[in-house]
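Here is the structure we will look at.
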Amino acid sequence: MAEAMTDRLGKTFSYLLLAPAVIPLVYVSGLVYPYVATKTFLLQGIGIIALSVFAYLALSGRPFYYERLRNRLTWIPIALLTVAYVASYFGVDFYRSFWGLFDRGDSLLTLTVITTFFYLILISAPTPFGVGAPTSDVGADRQLLERLVRTVAAVAGIVALIAVLQWVTATLGGKPWFLPPITGRIGGTFGNAAFLAGYLGMSLFVILIAMRDSIGFWRQTYKIFAVLSVLAIIFAATRGTILALVIAGAVALAYAAVSEGERVKRMARYGFIALAIFMGLFFVFRTELMQASFEPIRRMASISLSDSTVTSRLFVWQNVGSEALQRPWSGYGAESIASIFNRIYDPSSIVEQWFDRSHNAFLDYFVQYGIFGLALYFAVIIAFAVSSVRIYRSEPPGLLNVGFLFLLLILAYSIQNFFVFDTPSSLWLLYALFALCISATTNVPTTAPAWLARLPTFVPALACIAVFSTIIPAVAFPLYANIMLTRGYLYHLIDVPRANAYFERGLALGTYADLEYGYQAYSMYTDRQAVQLLGQNRISAYEYALSVLTANFNKYPYDARTATYLGHVLDTAPPEVVVNNDFDMEVLKRAIELSPLRAQAWYMTTNIYLRKADILPAGSKEKEPYYREAIKILETYTGKEPTLPVPRYILATIYYALDDAETAGKWADSALPLYTKPDTAAAKPAVKYYIAIRDWRNAARFLADLVEKNPSDYDVLYDLAKVTYLAGDPAKSLRIVEELRKKNPEIIGTDQNFLNVITAYESQK
């Protein structure tokens, strides 16, 4: 019976090694971050199950290719993992480093699982490509490589097909139920254009390998998959991957032009010339192409040092790199880039508000794991290339030589990762192929240590159960917490007590989800609950958000995001609630310390004093000290960050309230040139100031921006109608009134004086 169990587990084991190849297809809409979290839970769960089965097989005396571990190239992944653990132990927060967050899926746990897969595939895969032959059957599928290649190729083809269908239906204005929803650029089953392109940029070469070794129907299918992959990468408009494939294509053409048959050489040379001409024309007409309606062309043409995304990336690279040089040997630990990003954040130079990656995988490794981590990451890439060269030499040369295709794969991977960050799916694929590359060039027999035969019969089962049981805290509990967070979200407006009950059930598990619960509590409360709820429901929502964010504020003292969010929740407390201003000041002080140039904490600190002034009677002299404190804070911030119009307009309104019209005008005049694009944060105080000084033209301009941002805010739209009339454009004002008569006729009667004036104008037409 034990032998039958071992045989069944042996067959299952080979499928478990292949299972992660299917994960890119999977997403579940019932989770927070459905595209990422689903894949992360599956990868971690399958990894734990595979390791538990391996423990049973290995301790039962099943032979494996242990001799491959003598190859020094195989030591690199475990060395990188060790460095990652050491760096994280001495880094910002080992707990956060080990578990990560739902929105990324990257963590020490994920890296551990991927590294485990590398070694399980390495010692299980028979020698492929016809190089050598295993001396005995280890129970692993002798076609493991072929199955892995075909699985990756088929999955990548389907992923590419879904992405192409997304683009086609979005272009035609449709939203089929069977396709993932689109937010921004197409992301397929990854929900993110960069993740999609990064995965397909690697799997494209695996598809070419599968095509090479197939005939008939499957060969034609893989050709279609290859075309779909290229189209999906183009439609995703991810510039790093497109550039990587162009360079890889140029290398392939150059290789074919010197090493293939005469006909292929001639075609390759023509292709190389055509590519050069195309690139030349692209740069010549780059200015015109920047206005193209086709987004991939527009994004590629917009690459320049003046492009906002490019300048933002360069700023992040420079400043994050400078911070990394403060700890070049030890690094800051896994999942620690967010704390560095917050320190160097500058709203005038960075596009993203919150970010936990530098958009450069090499810099990410250096920041997290220091110089040793970066060196070992380079070593993985170089070792992959070395193994690919060995495979190349074992086969007849040619464009479809497996070793050459692997070289193109690692080239594309390296180039695209210079502009994006690694994902678990792409890193797993790299490690799996790396393991197979080593297997292809290492002909050793299978062995089983003799001491295993002396183990008691219960040991394999006990070890299997022990390893398998780790799936409960590692996967099951976080998954349940994610589900509870999702269920609570569904009820956070219609049944607050029920929503809070779900949230409490999820938090009671004590998982790493608590930080994500805080972020989501902030978003739910400030975006919707504080605006749409009233009475006890709003108070309950506020109290829940306050409690979870306060707990995280104490548990994660390095997290600027939690401190800022907690300050914002306190800033938007229901009027029935008394806010502890001392605690509020403590929260905002930490937020400023952790992210000195982030504006929100400075504004909310100002609001503490403005709230104190607002509760005093109109015209009270006691208001002035509070206004002066607010001015001091804002003037300090404008000295640190002189490019933002928001604090200048707030200063203008405060000085105007102090009857200092001259100083108010100076601040407003200095703010106006800085307002270069619609910004509601700046428009609101600007409207308040310009209405106060009766500058109707500028007031109308900023009100129009507010309306554009939120067309359903009919109060603002009505204000725009009145201010537009006062600015000397009654015809436009009447058009706005006519629009309001259709959408919200009741609001027109709220200002009888204006209604009389606009009605009189209408009757004179």
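See the values below:
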quantity	calculated
Out of PHE98, PHE102, sole residue that is buried (at least 19 other Cβ atoms within 10 Å of the Cβ), under 22 Å from the mean Cα position of the chain (by Cα) and not in a helix (DSSP H, G or I)	PHE102
Odd one out for PRO596 among (1) exposed (fewer than 13 other Cβ atoms within 10 Å of the Cβ); (2) touching a residue at least 24 places away in the same chain (Cβ under 8 Å); (3) not acidic (Asp, Glu)	(1)
Options ARG313, ARG286: the member that is among the charged types (D, E, K, R), in contact with a His (Cβ under 6 Å, 6 or more places away or on another chain) and more than 20 Å from VAL402 (Cβ to Cβ)	ARG313
Which listed residue is closer than 30 Å to ASP103 by Cβ, among the small types (Gly, Ala, Ser) and modelled with pLDDT under 85, from GLY198, GLY240, GLY188, GLY184	GLY184
Qualifying residue in segment 550-559 (condition: touching a Phe, Trp or Tyr at 6+ places or on another chain (Cβ under 7 Å) and not aromatic (Phe, Trp, Tyr))	no
Test result for PHE362, surrounded by 16 or more Cβ atoms within 10 Å (Cβ to Cβ) and either of a type in the set (A, V, I, L, M, F, W, C) or assigned to a helix (DSSP H, G or I) (or both)	yes
Set VAL230, VAL251: member being assigned to a helix (DSSP H, G or I), surrounded by fewer than 16 Cβ atoms within 10 Å (Cβ to Cβ) and in the same structural domain as SER304 (by TED's automatic domain parsing)	VAL251
Out of VAL83, VAL36, VAL32, sole residue that is assigned to a loop (DSSP other than H, G, I, E, B) and over 30 Å from ALA453 (Cα atoms)	VAL32
Hey, PRO180 part of a loop (DSSP other than H, G, I, E, B), in the same structural domain as LEU430 (by TED's automatic domain parsing), closer than 25 Å to ALA37 by Cβ and touching a residue at least 24 places away in the same chain (Cβ under 8 Å) or not	yes
Wholly enclosed helices (runs of 4 or more DSSP H) of segment 452-537 bearing at least 3 residues without any contact (Cβ under 8 Å) to a residue 40 or more places away in the chain and under 31 Å from the mean Cα position of the chain (by Cα)	477-491, 496-507, 514-524
Condition check for TRP451: under 29 Å from ALA383 (Cβ atoms) and of a type outside the set (Asp, Glu)	no
Output for segment 399-408, where each listed residue is buried (at least 17 other Cβ atoms within 10 Å of the Cβ) and either touching a residue at least 24 places away in the same chain (Cβ under 8 Å) or within 25 Å of GLN326 (Cα to Cα) (or both)	LEU399, VAL402, PHE404, LEU405, PHE406, LEU408
Unique residue being under 30 Å from VAL83 (Cβ atoms) and not in a helix (DSSP H, G or I) when the list is GLN326, GLN291, GLN353, GLN318	GLN326
Lone qualifier among ALA385, ALA338, ALA301 - being surrounded by 17 or more Cβ atoms within 10 Å (Cβ to Cβ), touching a helix residue (DSSP H, G or I) at 6+ places or on another chain (Cβ under 6 Å) and over 30 Å from PHE283 (Cα atoms)	ALA385
Top-ranked residue of segment 722-760 - restricted to ones that are hydroxyl-bearing (Ser, Thr, Tyr) and surrounded by 15 or more Cβ atoms within 10 Å (Cβ to Cβ), ranked as modelled with the highest pLDDT	THR724
Residue count for segment 376-398, restricted to those that are among the hydrophobic types (A, V, I, L, M, F, W, C) and without any contact (Cβ under 8 Å) to a residue 24 or more places away in the chain	3
Residue match in segment 433-455 (condition: under 30 Å from THR526 (Cα atoms) and small (Gly, Ala, Ser))	no
Residues that are outside any loop (DSSP other than H, G, I, E, B) and buried (at least 23 other Cβ atoms within 10 Å of the Cβ), drawn from segment 409-426	LEU409, ILE410, ALA412, TYR413, GLN416, PRO424, SER425, SER426
Enumeration of residues in segment 198-229 that are closer than 10 Å to GLY157 by Cα and within 25 Å of the chain's Cα centre (by Cα)	LEU200, SER203, LEU204, LEU228, SER229
Condition met for SER763 (outside any helix (DSSP H, G or I) and either of a type in the set (D, E, K, R) or more than 26 Å from THR653 (Cα to Cα) (or both))	no
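The values are calculated or read from the model by the stated rules, or taken from the named source; none is laboratory data. If you're wondering where the values come from, they're calculated on a predicted model, not measured in any experiment. In this analysis, Cβ positions are derived from the backbone assuming ideal geometry, glycine residues included, and neighbour counts consider all displayed protein chains.
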